[in-house]
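Note sheet for the following structure.
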Amino acid sequence: MTKKDYYDILGVGKGASPEEIKRAYRKLARKYHPDVNPGDKSAEGKFKELNEAFEVLGDPKKRTQYDQFGHAAFQQGAGAGGFQGFRGFGGGDFSSFEDIFSGGFDDIFNVFSGMRGETRRRAASGADLRYDTTITLEEACSGIAKEIQVPRFEKCSACKGTGAKSGTAKKTCPKCSGTGQVRQVRRSFLGQMITIGMCDKCKGTGTIIETPCPTCSGSGRVRRTRTIEINIPPGVDDGSHLRIAREGEAGMNGAPSGDLYVVIHVEPHNIFDRYENDLYCKTTIGIAQATLGDEIEIPTIKGKAKLKIPPGTQSHTIFRLRGQGMPDLHGRGKGDQQVKVVVEIPKSLTKKQKELIQKYADETKQEATIGKGFFDKMKEYF
C-alpha cells in the first residue's frame, strides 16, 4: 500500500520552515487527538499519520533523508525494533495531549474543562532505557539475533499496575474530584488572584489508594530483569542504535512503558578497517611476485578470494574487490574491499642472490649509489 506524502499529511509545502511544520502539526493534532474524538477510529488513524509525518519532517536529518529517498529511507527496520534517530530519550516530539496544547494555547484549557489535568496522568509514560551491546565485524556483516538481559521496572502482575490490592480499586480523590489539581482563589487590594496547583492529597493522580498492593507497595511497579531478543540487521556500524518500542520501564499508575534503545558497538577487527560500507586490508608480496605477476589468496569478511597480481605491480598499489564489503543498512547493495599490496624488500640475501641482483642492475644500467637517483630527478625541476 502506497504511503501518503508527509508534506500532504501536514498540509505544508516542501519548502516549509521548521516553525511552519510545527504549527501545522499542532493545529491538526488538536483536531484529531483521540481524547477529543473518543471512539472515532478514523480520527485515531489520522492522528497516527500526523505523528509519523512530524517525527520525520520535524527532524532536520530525517527530513533530508526523506526529501532524497522518500519513504524508502525508513523501510529498513521501521517501527518497533527498527533503526531510527534518537528522540532525545523522552523529548523532541509532541506525543502527549498536553504538549500539543502547550506553548501559546492556554485558552484551550477552558474549552476542555479540566481535560488537561486528566491527560497529564495518562501521558506520563515510563522512562526510556539505554542498553549497550558489542558485536564482531562478522556479526555486523551478516546480522544477528541476540538475547539481552535488561533490568527495569515492570507493571506489577498482582495488581495489574493499579497499585491497589487485588479485589479493591482506586477511589476518586475527594479533594480535587479526580482532576489532580486544586484551585485557590486569593483576594487582595489589587483584586482577585486564581492559582491552580497539584493536589497534595493524591499527588496529582486524581485517585487515592486505600488498600495498597502488598507486592508493589502501591506503586504499581516491580523491579525485574527481563530477557529480550533483539534482531540486529546486516550492515550496522559502530554507534548505530536500535529502538524497541514499549520495552523500557513501566509508567507509574498503569501508564504506558517507555522505549528501549540498544546502542551497537562493533569490535575492532585484526584484519579489516571499515569506512562506511567499504573494507580495507593490507597484504605483502615478494619482489618476484610483483615483477613477474602472480595470483594470491586473500581473506574476505565472508571467507577467501583470489587476487591477480599483474606483472610490474608497484608497492602500495590498491586493488578493488567489488561487492566484498559490508552490506548497506538500507538494502542498497554492498560495499567493496580495498586491498593495498606492499612489496616486501628482503633484509638479507645470500651470495648467489646478491650476484643475481647485481647482474640485473648491470643489465639495466641501474647504479646503486645512494641518493643519486633523487638528485637527478630534482634537476628536472630547475
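Only one entry in E247, E210 is among the acidic types (D, E) and over 14 Å from K170 (Cβ atoms), namely E247. Of the helices (runs of 4 or more DSSP H) entirely within the range 96-178, those holding at least 2 residues that are modelled with pLDDT of 85 or more and of a type in the set (D, E, K, R) occupy 137-142. When the residues of the range 261-282 are filtered to those that are of a type in the set (A, V, I, L, M, F, W, C) and not in a strand (DSSP E or B), the one that is farthest from M326 (Cα to Cα) is I271.
Name the residue, out of R223, R246, that is under 16 Å from G126 (Cα atoms), in a loop (DSSP other than H, G, I, E, B) and not acidic (D, E).
Being under 16 Å from G126 (Cα atoms), in a loop (DSSP other than H, G, I, E, B) and not acidic (D, E) holds for just one of R223, R246, which is R246.
Restricted to the range 1-59, the set of helices (runs of 4 or more DSSP H) holding at least 2 residues that are over 21 Å from H71 (Cα atoms) comprises 18-32, 41-57.
Within the range 285-309, being in contact (Cβ under 8 Å) with a residue 40 or more places away in the chain and exposed (fewer than 14 other Cβ atoms within 10 Å of the Cβ) holds for G286, I287, K302. Residues of the range 218-238 that are of a type in the set (S, T, N, Q) and surrounded by 14 or more Cβ atoms within 10 Å (Cβ to Cβ): S219 alone. The set of residues in the range 181-195 that are at pLDDT below 85 and either surrounded by 13 or more Cβ atoms within 10 Å (Cβ to Cβ) or outside any strand (DSSP E or B) (or both) comprises F189, L190.
Residues in the range 204-217 that are in a loop (DSSP other than H, G, I, E, B), in contact (Cβ under 8 Å) with a residue 40 or more places away in the chain, surrounded by fewer than 18 Cβ atoms within 10 Å (Cβ to Cβ) and not β-branched (V, I, T): E210, P214. The residues of the range 257-277 that are of a type outside the set (A, V, I, L, M) and surrounded by fewer than 16 Cβ atoms within 10 Å (Cβ to Cβ), listed by number, are H265, E267, P268, H269, N270, D273, Y275, E276. Applying a threshold of 8 Å to beta carbon distances and a minimum spacing of six or more residues, or different chains, the list of pairs starting in the range 42-66 at a residue that is over 16 Å from K14 (Cα atoms) and ending at one that is modelled with pLDDT under 90 and of a type in the set (D, E) reads N51/D93.
The values are calculated or read from the model by the stated rules, or taken from the named source; none is laboratory data. Remember, predicted model here, so these are calculated numbers, not experimental data. Note that we place each Cβ from the backbone using ideal geometry, even for glycine, and neighbour counts take in every protein chain shown.
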